[in-house]
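The values are calculated or read from the model by the stated rules, or taken from the named source; none is laboratory data. What you are looking at is a predicted structure, and each value in this text was computed from that prediction instead of being measured. For neighbour counting, all protein chains shown are included, and Cβ atoms are generated from backbone atoms with ideal geometry for every residue, glycine included.
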Amino acid sequence: MAKSGRPPYYRSKEEIQQKIDEYFRECEGTPLMDGDKPALDKWGRPVIIGSRPPTITGLALALGFASRQALLNYQGREEFNDTITRAKTRVEQYAEERLFDKDGTSGAQFSLRNNFKGWNNEQEQNQDALSKLDEVLKEIGGVV
C-alpha cells in the first residue's frame, strides 16, 4: 500500500542538524567591529549585535516549518526525534538560565510552563481545578 501525504522535508538527521546549528549560531549574533577588532563595552566585553533568544517557534521557522506544531509533529518521526529533542533542550536551557536574570524571569517562566514538560506548578493546577469545580457545584446547587 502506498503512503499518502507530503514527503519528508529532511532526508537525514545530519541535514536537519546542520540547519539547527545554523539557527543557534544566528541567535548568538555577531560582534560589532571597530576596524579590525571587536568594539568593547565599558566592562571590556565585545558588543554583540543581532543576537536574539532561541525559541521553539524561531527554531521551527528556521527549519522551514510553518508552525511550532509542525516542528513538534516532525519530532514524532523516529529518525528525527533525538535531534529535535536535543535542539528543544537547548532552547529550554536558555529559558531556564533566564530564571536567574531579573529581567528575564517572567518570560522564561511562561516559556518553560507552556513549551516544556515538567515545568507546570502542579499545586497551582490543582488549585485551579478545585476552583472550577467549586464554581460548577455552585451553579448546579451542589454542596461546596
* Structure fact -> In segment 76-85, residues that are under 21 Å from Glu26 (Cβ atoms) and surrounded by fewer than 16 Cβ atoms within 10 Å (Cβ to Cβ) total 1
* To do: Report whether or not Glu96 is surrounded by 12 or more Cβ atoms within 10 Å (Cβ to Cβ), of a type outside the set (Val, Ile, Thr), at pLDDT below 90 and not in a loop (DSSP other than H, G, I, E, B).
  => yes
* **Residue that is nearest to Glu14 (Cα to Cα) [pool: residues in segment 60-93 that are part of a helix (DSSP H, G or I) and hydroxyl-bearing (Ser, Thr, Tyr)]** => Thr83
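Each row is one residue, and each column tells you yes or no for (1) modelled with pLDDT under 80; (2) more than 13 Å from the chain's Cα centre (by Cα).
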{"position": "Asp82", "(1), (2)": "no, yes"}
{"position": "Thr85", "(1), (2)": "no, no"}
{"position": "Val91", "(1), (2)": "no, no"}
{"position": "Ser106", "(1), (2)": "no, yes"}
{"position": "Leu112", "(1), (2)": "no, no"}
{"position": "Asn120", "(1), (2)": "yes, yes"}
{"position": "Asp128", "(1), (2)": "yes, yes"}
{"position": "Gly141", "(1), (2)": "yes, yes"}
* To do: Answer yes or no as to whether Tyr9 is surrounded by 10 or more Cβ atoms within 10 Å (Cβ to Cβ), modelled with pLDDT under 95 and not aliphatic (A, V, I, L, M).
  => yes
* **Top-ranked residue in segment 30-73 [being hydroxyl-bearing (Ser, Thr, Tyr) and out of contact with any strand residue (DSSP E or B) (no Cβ under 9 Å at 6 or more places or on another chain); ranked as farthest from Gln93 (Cα to Cα)]** => Ser67
* Structure fact -> Taking segment 107-124 and keeping only residues that are in a helix (DSSP H, G or I) and either surrounded by 11 or more Cβ atoms within 10 Å (Cβ to Cβ) or in contact with a strand residue (DSSP E or B) (Cβ under 6 Å, 6 or more places away or on another chain) (or both), one is left with Gly107, Ala108, Gln109, Phe110, Ser111, Leu112, Arg113, Asn115
